[in-house]
Amino acid sequence: SPFVLMLSLKMSLNNVLRSLSNVFIFILVCCSYMIENVASADYGTALTKSLLFFEGQRSGVLPKNQRVNWRGDSALKDGQDVGLNLVGGYYDAGDNLKLGFPMAYTITMLSWSAIEFKDKLARKKELNNALYAIKWGTNYLIKAHPQPNVLYGENGDPDSDHQCWERPEDMGTPRTSYKIDEQHPGSDLAAETAAALASASIAFRSVDLKYAFTLLTHAKQLFNFANSHQGLYQNSIPPAGKIYSSSGYKDELLWAAAWLHRATNMKQYLDYIGNSGDNGGVRSMFSWDDKYVGAQILIAKLVLERKVPSSGIWAQYKANAEQFICSCAQKSNQNVQKTPGGLLWFLPWANNQYVASATFAISTYTRYLSSHRAFLQCSGGAVSPSNLVSLVKSQVDYILGSNPKKMSYMVGYGTNYPQRIHHRGASIVSIKKDRSPVGCKDGLDKWLNRNAPNPNVLVGAVVSPDQNDGFSDNRNNYQLGEPATATVAPLVGVLAFLA
């Protein structure tokens with residue numbers, strides 16, 4: 001009958017629509033999966049490159065598994081002026097100096113990355129490379145600490161180094177070794193090194209217990225030294241103050257105590273934090289010079305885990321950490337500035353250094369919030385973990401090329417990245433291709449001021465745009481175009497978080 005026919009047609013039409021709907025849903029799911037995996041692959045590639053950068057910054061005798069093959073052995077006499085072997089460690093930036101203060105911060109942030117994002121690093125097959133990067137630094141820091149109250153904090157002289165342009169393999173400038181001791185204290189340097197070795201001990205605990213114990217022993221001694229002989233390190237090592245001058249040492253002492261508590265669970269470090277009397281307040285940035293945000297986040301974790309009270313000084317630490325994150329999320333009364341293109345703006349010198357550390361703080365705290373099903377209550381409204389993930393992605397995407405110049409500020413990532421970064425080793429022909437020595441002044445004339453791209457690609461190096469999203473790809477642009485280990489170290493953790 002017509003009724004039966006119409007009913008049959010309607011049922012057939014419904015089946016067709018249902019099938020089409022299922023197909024549409026399937027396509028959406030597939031597209032979503034593909035988009036997610038494309039993004040993950042990009043962050044994974046950037047993660048790999050970020051760890052390669054540290055191989056390009058190595059000082060000393062390079063290992064057999066060295067992947068950055070345009071570099072050679074360098075600074076093989078470091079420490080001879082004081083009768084010690086101080087060979088190894090990292091050059092901090094585009095010069096040939098080894099500076100303990102930023103190096104120790106670099107190792108702390110690499111270790112925190114390996115602790116917090118261990119599983120993600122392992123899934124991307126980068127955990128071993130992260131541990132290698134840490135150990136290259138910690139091996140040097142152990143050698144730099146020959147006695148409980150002695151720590152070497154610099155190799156090289158900034159004045160002579162900065163007057164020359166030569167690859168590290170050819171270095172002819174003085175390699176003076178500078179130290180702190182009981183008569184010449186440096187609480188910031190000693191405490192940051194304690195934080196580096198304590199955090200590294202946690203990272204190595206599951207793979208090399210004996211090495212982890214050695215690291216922790218040095219960390220405890222250095223914290224005691226820093227606390228019992230207080231002072232600014234640049235007063236004892238004046239040349240270091242020309243480059244990495246410390247604004248204070250209370251933050252490093254707090255930071256080191258927080259790491260030693262996490263590494264040992266000993267009450268004495270928790271008591272130190274509780275009785276500090278200086279929680280730092282709300283900070284405007286997290287950096288190689290200002291560790292308060294890092295310490296506040298470690299302490300906030302204890303509050304979330306109910307290992308300390310959620311009131312008094314402990315609540316203040318947590319509130320300060322959260323207020324910094326709220327300001328980055330544009331949800332506070334004093335928000336962090338942004339460039340027109342959307343990059344968080346902290347300082348005109350190497351701004352991405354502070355973007356990297358801020359996004360690391362946000363990434364880590366996002367994990368803590370998610371694991372406790374919590375969110376931020378900012379003065380400008382609630383902020384969920386997913387909101388924070390979006391914020392972190394926006395900043396990393398900007399660095400990797402989603403910016404007004406469509407340029408990746410990570411060297412070697414993508415097809416459009418800076419070709420003339422301010423870096424001696426990268427800008428001079430590799431010693432593997434031409435063993436002819438490049439003298440101090442030869443380098444200035446032949447390599448610093450030439451227009452051609454750098455002959456060596458320092459993969460994973462990160463530079464910065466200016467406040468208006470501009471960038472001049474010029475080797476003399478050291479304010480924005482000089483990469484540093486302190487920039488890339490926190491970014492390792494952020495990329496692992498997103499990958």
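Label separation (Phe213 vs Lys338): 5.1 nm, computed from points 7 Å beyond Cα along the C-beta direction.
For the residue pairs Lys135/Lys210; Lys98/Lys143; Lys64/Lys432; Lys49/Lys242; Lys125/Lys406, the C-alpha atoms sit more than 19 angstrom apart in Lys49/Lys242; Lys125/Lys406. For the stretch 334-493, the Kirkwood radius over C-alpha pairs fed into Stokes-Einstein at 20 °C and 1.002 mPa s yields D = 124 µm² per second. When the convex hull of its Cα atoms is viewed from all sides, the stretch 235-286 shows a mean projected area of 4.9 nm². Mean residue ellipticity, 222 nm, helices only, the chain: the sum of -39500 (n - 2.57) across DSSP H runs of n ≥ 4, divided by residue count and rounded to 500, is -17000 deg cm²/dmol. Net charge in the neighbourhood of Leu86 (other residues with Cβ under 13 Å of its Cβ; Lys, Arg +1, Asp, Glu -1) is +2. The label point for Ala319 and the one for Ser245, both projected 7 Å from the Cα toward the Cβ, are 3.4 nm apart. Annotation: peptides 157-163, 183-189, ranked by per-residue average of other Cβ atoms within 10 Å with the highest first, follow the order 183-189, 157-163.
At full extension, Asp466 and Asp119 could sit 121.4 nm farther apart than now, given 0.36 nm per residue minus the alpha carbon distance. Listed peptides 410-418, 57-65 appear in the order 410-418, 57-65 once ranked by packing, highest mean of other Cβ atoms within 10 Å at the front. Derived scalar couplings between HN and Hα for the stretch 138-151 equal 5, 4, 5, 4, 5, 5, 6, 10, x, 9, x, 10, 9, 9 Hz in order, rounded to whole Hz, by the Karplus curve 6.51 cos²θ - 1.76 cosθ + 1.60 (θ = phi - 60°), x for Gly and Pro.
Please say if the stretch 82-195 is rounded, prolate or oblate, where rounded means a/c under 1.5 for a ≥ b ≥ c the square roots of the C-alpha gyration tensor eigenvalues, and otherwise the choice is prolate for a/b larger than b/c and oblate otherwise? Oblate is the answer for the stretch 82-195, as a/c is 1.5 or above yet b/c matches or exceeds a/b.
Hydrodynamic radius of the chain by the Kirkwood approach over all distinct alpha-carbon pairs: 23.7 Å. A Cβ-based charge dipole, computed about the Cα centre of the stretch 270-315 with Lys and Arg at +1 and Asp and Glu at -1, lands at about 200 debye. When only the Cβ of Lys, Arg, Asp and Glu is charged (+1, +1, -1, -1), the dipole of the stretch 389-499 relative to its Cα centre reaches about 380 debye. Taking a sphere under 12 Å around the Cβ of Leu347 and counting the other residues whose Cβ falls inside, with K and R at +1 and D and E at -1, yields a net charge of -3. Each peptide in 446-454, 392-400 was scored by the mean count of other Cβ atoms within 10 Å over its residues; highest first, the order is 392-400, 446-454. Kirkwood hydrodynamic radius computed over the stretch 377-419 comes to 11.8 Å, based on all pairs of distinct alpha carbons. Remark: the stretch 344-358, residue by residue, has Karplus-estimated 3J(HN,Hα) of 4, 10, 10, 9, x, 9, 6, 4, 5, 4, 7, 5, 4, 5, 5 Hz, where x stands for each Gly or Pro and the curve is 6.51 cos²θ - 1.76 cosθ + 1.60 at θ = phi - 60°.
Close amide H partners of Gly153, meaning residues 5 or more places away or on another chain with modelled amide H under 5 Å apart, are Tyr178, Lys179, Ile180. Along the axis of the charge dipole computed for the chain (Cβ charges of +1 for Lys and Arg, -1 for Asp and Glu, origin at the Cα centre), the listed residues Asn235, Tyr178, Pro453 are led at the positive end by Pro453.
Taking Lys and Arg as +1 and Asp and Glu as -1, the other residues whose beta-carbon sits under 10 Å from that of Tyr413 total 0. The alpha carbon convex hull volume per residue for the stretch 205-360 rounds to 149 Å³. The magnitude of the dipole of the chain, with charges of +1 and -1 set on the Cβ of Lys/Arg and Asp/Glu and taken from the Cα centre, is near 1660 debye.
Extension gain for the segment Lys307 to Lys432, taken as residue separation times 0.36 nm less the Cα-Cα distance, is 39.6 nm to one decimal. The residue among Ala190, Ala114, Ser472 whose Cα reaches farthest toward the positive pole of the charge dipole of the chain, with charges on the beta-carbon of Lys, Arg, Asp and Glu, is Ala114.
Quick note: the coordinates plus some simple rules give every number you see, no bench work behind them. Everything numeric in this text was worked out from a predicted model, so none of it was measured. Reconstructed Cβ throughout: ideal geometry from the backbone, glycine too, with neighbour counts over all protein chains shown.
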